[in-house]
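Notes for the one structure printed next.
The values are calculated or read from the model by the stated rules, or taken from the named source; none is laboratory data. Note that this is a predicted model, so its numbers are computed, not measured. We place every Cβ from the backbone using ideal geometry, glycine too, and count neighbours over all the protein chains shown.
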Amino acid sequence: MRVKPSFDPFMDSNLVFSEYLRTGLFDIGDADARMEQLTKAVDELAEKLNGKLAAIRCYTLVALDANIPLTNSLLVETNEILKTYWKGLEGKYPEPPRNILRGVMLSALYQLGKKLLFPCRIIYYTISGLSQFIQFGREKPVIDLILNEFRTYVENNANKEWSLTENPAVPTFAAFEFAGFEIAEVEVDSTKLEASLLKAAGLNAQSHGPHNAPQQWAASFSTTASSAITTAIQTSVQELGESISTEALETSINTFFKGVSETLTTAFKASFQSLTAVERRSKLLWWKETLYSTTLQKSYREISPVLLPVIMAIDLAKLLPLGIPASVDYLLLDTYRAVVGTIPKKQTLVELLSPFGEPAQQQTIRPYLPLLSECAGRTTLTAFLAQVVHDQRVPKKLADYTGLRPKELASPDQLALLVLHDLLIERLIK
């Protein structure tokens with residue numbers, strides 16, 4: 001299929017859109033106009049979602065579900081956007097075209113995630129968590145493309161936040177220089193001073209001269225001469241002061257200290273990042289070594305195996321910033337396995353969640369797992385689990401709210417990892 005050159009830049013930047021077409025999930029033939037209509041719909045949806053982190057997660061959940069009901073409100077909203085550009089959409093598709101609309105959603109999400117870190121984290125953690133339990137069909141290459149690109153983006157940014165500075169920052173300062181600072185040439189009025197001194201050297205009112213009355217003359221001369229000299233000096237100093245530009249002096253001083261401030265800020269920031277990274281790593285190692293739950297205030301070995309993966313995820317989430325490298329995931333998995341002493345066996349999702357519907361387990365965990373943000377017609381596994389804990393849902397209704405098949409297999413440590421990511425996303429959204 002060949003599209004007009006004007007749309008080539010979009011195709012280059014939005015690989016999900018072109019991959020969705022390539023997989024044959026829907027076909028637009030050689031209709032260049034259709035490409036333009038779909039592109040505009042993607043752009044409008046991306047603009048609509050920009051800055052709305054909770055909506056981004058909801059749209060991701062809906063876009064992943066190949067069996068999402070046609071009545072889903074987000075699917076209907078996307079259909080309305082597409083109809084504004086594709087005038088004949090309803091004539092060609094009497095019902096909302098689910099595959100086309102999911103393609104528009106995924107393309108818009110990809111467009112946002114490539115540019116902005118927070119949307120990227122939300123989309124990546126949501127997809128990576130649920131993709132373990134979803135059997136994708138022809139859209140699998142699209143999902144893999146998003147996961148691979150966003151995994152790299154998320155990991156690179158997390159590594160920067162967790163990195164240690166190899167060489168300590170040594171601040172260097174530029175030499176202080178005056179710029180535009182000038183002093184005018186100042187001259188003493190010698191003619192006026194000479195006249196004043198001659199007057200002082202003459203006879204005084206009592207006709208005392210240096211020869212016939214030296215003492216009286218000296219007193220008169222010193223008084224008159226000192227006054228003349230003082231006046232000459234004061235006039236010169238005043239002219240000197242008026243010639244100096246305080247603005248130029250202030251500008252030079254302010255420029256110098258601004259450079260000092262920026263240099264120190266850069267050095268302190270680099271040092272502080274290293275200290276923060278060391279503190280984060282130390283907390284995680286302490287958590288792993290002590291095996292102590294700050295939530296339930298007891299050893300992990302004393303906690304019910306049913307609640308253990310969720311409690312560990314809750315504890316770990318308290319210690320973490322929003323961005324985490326993949327190594328933290330493996331730390332959680334290895335620590336859980338160290339506590340239980342074996343590789344966890346897989347169960348169906350319903351079997352895994354069913355104990356959380358028991359009153360005894362609910363009472364224990366309910367204070368520490370609050371209800372999470374709602375989505376339109378689809379929710380995360382952790383949000384559904386919280387609803388079960390708060391006695392608002394029953395585990396057998398899993399498929400109705402998450403779209404996941406109840407008989408899909410999962411292990412407790414997988415549940416721990418998924419809960420951890422969902423809790424971090426919840427914090428990021430709020």
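Please verify whether LEU112 is assigned to a helix (DSSP H, G or I), surrounded by 16 or more Cβ atoms within 10 Å (Cβ to Cβ) and more than 28 Å from the chain's Cα centre (by Cα), treating the condition exactly as stated. For LEU112, the condition - assigned to a helix (DSSP H, G or I), surrounded by 16 or more Cβ atoms within 10 Å (Cβ to Cβ) and more than 28 Å from the chain's Cα centre (by Cα) - is not met.
With respect to the conditions (1) under 25 Å from ALA158 (Cα atoms); (2) more than 23 Å from the chain's Cα centre (by Cα); (3) modelled with pLDDT under 95; (4) not hydrophobic (A, V, I, L, M, F, W, C), PRO321 lacks only one, and its number is (2). Just wondering, is there one or more residues in region 244-253 that are exposed (fewer than 12 other Cβ atoms within 10 Å of the Cβ), at pLDDT below 70, assigned to a helix (DSSP H, G or I) and β-branched (Val, Ile, Thr)? Among the residues of region 244-253, at least one is exposed (fewer than 12 other Cβ atoms within 10 Å of the Cβ), at pLDDT below 70, assigned to a helix (DSSP H, G or I) and β-branched (Val, Ile, Thr), which makes the answer yes. The set of residues in region 347-364 that are surrounded by 15 or more Cβ atoms within 10 Å (Cβ to Cβ) and either touching a residue at least 60 places away in the same chain (Cβ under 8 Å) or not in a helix (DSSP H, G or I) (or both) comprises GLN347, THR348, LEU349, LEU352, THR364. Between THR60, THR71, THR78, the distinction of being over 22 Å from the mean Cα position of the chain (by Cα), assigned to a helix (DSSP H, G or I) and either closer than 25 Å to PHE136 by Cβ or not aromatic (Phe, Trp, Tyr) (or both) belongs to THR78 only. Selection within region 293-307: residues that are part of a helix (DSSP H, G or I) and touching a Ser or Thr at 6+ places or on another chain (Cβ under 9 Å). The member of this set that is surrounded by the fewest Cβ atoms within 10 Å (Cβ to Cβ) is GLU302. Checking each residue in region 365-379 for being surrounded by 18 or more Cβ atoms within 10 Å (Cβ to Cβ) and assigned to a helix (DSSP H, G or I) picks out only ILE365. Close Cβ contacts (under 7 Å, 6 or more residues apart or on different chains) running from residues in region 53-82 that are over 13 Å from ASN99 (Cβ atoms) to residues that are charged (D, E, K, R) and not in a loop (DSSP other than H, G, I, E, B) comprise ILE81/GLU44. Looking at the structure I just gave you, is ALA277 in a helix (DSSP H, G or I) and modelled with pLDDT of 95 or more? It is false that ALA277 is in a helix (DSSP H, G or I) and modelled with pLDDT of 95 or more.
A single entry from ALA313, ALA317, ALA386, ALA360 fulfils the requirement of being among the small types (Gly, Ala, Ser) and more than 29 Å from ARG280 (Cβ to Cβ): ALA360. Is it the case that region 133-147 has a residue that's assigned to a helix (DSSP H, G or I), in the same structural domain as GLU47 (by TED's automatic domain parsing) and under 16 Å from the mean Cα position of the chain (by Cα)? No, region 133-147 has no match at all. Restricting region 386-430 to residues that are part of a loop (DSSP other than H, G, I, E, B) and aliphatic (A, V, I, L, M), the residue that is surrounded by the fewest Cβ atoms within 10 Å (Cβ to Cβ) is VAL394. The combined condition, being more than 22 Å from LEU333 (Cβ to Cβ) and not assigned by TED's automatic domain parsing to the domain that holds PHE133, is fulfilled by GLN392. Every condition in (1) at pLDDT below 90; (2) touching a Ser or Thr at 6+ places or on another chain (Cβ under 7 Å) is met by VAL42 except one, and the failing one is (1). Within region 86-109, which residues are farther than 14 Å from ASP65 by Cα and not in a loop (DSSP other than H, G, I, E, B)? Answer for region 86-109, where residues must be farther than 14 Å from ASP65 by Cα and not in a loop (DSSP other than H, G, I, E, B): LEU89, GLU90, GLY91, LYS92, SER107, ALA108, LEU109.
Yes/no per residue for (1) small (Gly, Ala, Ser); (2) out of contact with any helix residue (DSSP H, G or I) (no Cβ under 6 Å at 6 or more places or on another chain); (3) in the same structural domain as VAL419 (by TED's automatic domain parsing):
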| position | (1), (2), (3) |
| --- | --- |
| LEU45 | no, no, no |
| GLY51 | yes, yes, no |
| THR71 | no, yes, no |
| THR84 | no, yes, no |
| GLU90 | no, yes, no |
